[in-house]
Amino acid sequence: MKIIKINKLGIKKIYPKTNFVDSRGKYIEIFNKKFFKKKLHLDFVEGDISYSKKNVFRGIHGDYKTWKLVSCVHGKIEQFIVDCRKNSKTFGLYKKFILSSDNYYQILIPPGFGNAYLTLSNLSIYHYKQTRYYSGSKNQFTYSWKDPKINLKLSVKKPILSKRDSL
């Protein structure tokens, strides 16, 4: 696996080491515990998958203790990583990525950063690993994508939102 630091925010893009393609399709190693322990000193304890239809927006959510490793294993999404550390000089700044089943890289999100994405394809399957067990939305922060301190630029005007993300 190859790690590339994206910017001063500490976000990292991770490219899988194994990428085998033949007439049957593709084989990609998306996680190797030894690699993450040795190179990044991280121990992931939970993995989750989210299915979303086109124009669904999820986020901006996070907490101040959990590292997340995210990827889009099917479809295409607009991924947003937002600095939500209240005392940070870069609070509210974000980085946008296009993740898809065609580019198959992953984004490593540090604690204190909000995670959000918008599904661009008819269906997306979003995969993420966490270094802490999920303890409910009441133990996370949530910001509106329309918050003027953040002001995300989505590629759709009226995303499909949950109640939590509509506030």
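Restricting attention to the range 144-167, and to residues there that are polar (S, T, N, Q) and at pLDDT 90 or above, which single residue is farthest from V56 (Cα to Cα)?
Initial filter on the range 144-167 (polar (S, T, N, Q)): 144, 151, 155, 162, 166.
Adding the requirement that they be at pLDDT 90 or above leaves 144, 155, 162.
Working: S144: 14, S155: 11, S162: 9 Å.
Step by step, filter the range 144-167, then rank; the result is S144.
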Residue within the range 138-145 that is open to solvent by less than 30 Å² (accessible area, probe 1.4 Å) and closer than 28 Å to F36 by Cα present: yes
The range 116-129: number of residues that are within 25 Å of K5 (Cα to Cα) and either open to solvent by less than 10 Å² (accessible area, probe 1.4 Å) or of a type in the set (F, W, Y) (or both): 6
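Out of the residues in the range 29-86 that are charged (D, E, K, R) and touching a Gly at 6+ places or on another chain (Cβ under 7 Å), state the one that is farthest from N19 (Cα to Cα).
Restricting attention to the range 29-86, the residues satisfying the condition of being charged (D, E, K, R) are 29, 33-34, 37-39, 43, 46, 48, 53-54, 58, 63, 65, 68, 76, 78, 83, 85-86.
Imposing the further condition that a residue be touching a Gly at 6+ places or on another chain (Cβ under 7 Å) reduces the set to 83, 85.
Values: D83: 31, R85: 35 Å.
Among those residues, the one meeting the criterion is R85.
To keep it simple, each residue is scored yes or no on (1) modelled with pLDDT of 95 or more; (2) within 12 Å of Q130 (Cβ to Cβ); (3) more than 14 Å from the chain's Cα centre (by Cα).
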{"position": "H41", "(1), (2), (3)": "no, no, yes"}
{"position": "V56", "(1), (2), (3)": "yes, no, yes"}
{"position": "K68", "(1), (2), (3)": "yes, yes, no"}
{"position": "D83", "(1), (2), (3)": "yes, no, no"}
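For the range 125-143, give me the residue count where each residue is among the β-branched types (V, I, T) and within 20 Å of D43 (Cα to Cα). Break it down into steps so the answer makes sense when it comes.
Here is the first cut: in the range 125-143, the residues among the β-branched types (V, I, T) are 125, 131, 142.
From the residues that got through so far, the ones that are within 20 Å of D43 (Cα to Cα) too are 131.
Number satisfying all stated conditions: 1.
Does K158 fit the bill of being open to solvent by 60 Å² or more (accessible area, probe 1.4 Å) and touching a residue at least 40 places away in the same chain (Cβ under 8 Å)?
Numbers: open to solvent by 60 Å² or more (accessible area, probe 1.4 Å): yes; touching a residue at least 40 places away in the same chain (Cβ under 8 Å): yes.
So K158 passes the test.
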Evaluation of F113 against (1) more than 15 Å from I77 (Cα to Cα); (2) open to solvent by 50 Å² or more (accessible area, probe 1.4 Å); (3) touching a residue at least 60 places away in the same chain (Cβ under 8 Å) (one fails), failing number: (2)
Flag if K34 is charged (D, E, K, R) and touching a Phe, Trp or Tyr at 6+ places or on another chain (Cβ under 6 Å): no
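Just checking, which of G114, G75 is on the phi > 0 side of the Ramachandran plot and in contact with a strand residue (DSSP E or B) (Cβ under 8 Å, 6 or more places away or on another chain)?
Of the residues listed, the single one that is on the phi > 0 side of the Ramachandran plot and in contact with a strand residue (DSSP E or B) (Cβ under 8 Å, 6 or more places away or on another chain) is G75.
The values are calculated or read from the model by the stated rules, or taken from the named source; none is laboratory data. Being a predicted model, the structure only gives us computed values, none of them experimental. Neighbour counts are summed over all protein chains in view; Cβ atoms, including those assigned to glycine, are modelled from backbone coordinates with ideal geometry. Please note that ligands, DNA and RNA were not included when accessible areas were found on the heavy atoms of the full protein model with its side chains. Shrake-Rupley method; radii C 1.70, N 1.55, O 1.52, S 1.80 Å.
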